[in-house]
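The values are calculated or read from the model by the stated rules, or taken from the named source; none is laboratory data. Quick caveat: nothing in here was measured; it's all calculated off a predicted structure. Please note: Cβ atoms are built from the backbone with ideal geometry, for glycine as well, and neighbour counts cover all protein chains shown. Surface areas here come from the heavy atoms of the whole protein model, side chains and all, with no ligands, DNA or RNA. Shrake-Rupley method; radii C 1.70, N 1.55, O 1.52, S 1.80 Å.
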Amino acid sequence: QVQLVESGGGLVQPGESLRLSCVASGNIFWGNVMGWYRQAPGKQRELVATITLRSRTDYADSVKGRFTVSRDNAKNTVDLQMNSLKPEDTAVYYCNLRQFTSDYWGQGTQVTVSS
């Protein structure tokens with residue numbers, strides 16, 4: 001099993017920044033992909049950003065140029081630096097680890113962007 005614990009959510013004003021962090025523990029194997037997804041009220045969960053062990057990244061079009069995903073393989077952590085936040089970024093953000101055919105999720109952290 002794999003456990004994921006997120007931190008760093010909160011309430012910010014439009015244009016401000018936040019940094020989310022996630023630490024993974026348990027049976028973690030080489031070749032996994034880590035990343036962040038989000039779910040806004042009344043909407044489906046959507047991909048925000050992913051990063052492979054070799055630091056290949058993928059971003060949703062809506063966050064390109066504003067968000068940066070990074071990871072520390074030695075510590076099994078993945079971070080999401082979010083800049084120039086917009087009200088439409090408001091959602092619960094979930095850390096994800098995918099290895100083999102399994103997906104593991106954190107409990108989620110709320111990000112609210114409002115003036």
(message) Give me the percent of accessible area attributable to carbon and sulfur for the chain, probe 1.4 angstrom.
(response) 47
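Note down the net charge around G10, summing +1 for each Lys or Arg and -1 for each Asp or Glu among other residues with Cβ under 11 Å from its Cβ. All intermediate terms of the calculation are to be shown ahead of the outcome.
Values: positive: R19; negative: E16.
Its environment carries a net charge of 0.
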(request) Taking a cut-off of 29 Å between Cα atoms, list the lysines near K43, but don't count ones fewer than 8 places away on the same chain. (result) K64, K86
(request) Report, by chain and number, residues whose modeled amide H sits under 5 Å from the one on L85, excluding near sequence neighbours (fewer than 5 apart, same chain). (result) G15, E16
(request) Could you tell me the convex hull volume per residue, in Å³, taken over the Cα atoms of the stretch 51-115? (result) 107
(message) I need the semi-axes of the equivalent ellipsoid of the chain: take the C-alpha gyration tensor, multiply each eigenvalue by 5, square-root it, list largest first in whole angstrom.
(response) 23, 14, 12
(request) Take the chain, connect every pair of alpha-carbon atoms lying under 10 Å apart with a spring to form a Gaussian network, then pick out the residue of D58, D103, D79 with the largest mean-square fluctuation. (result) D103
(message) Just to confirm, what accessible area per residue do you get for the chain at 1.4 Å probe, in whole Å²?
(response) 55
(message) Between Q99, Q44, Q13, where does the largest GNM mean-square fluctuation fall for the chain, given springs only between Cα atoms within less than 10 Å?
(response) Q44
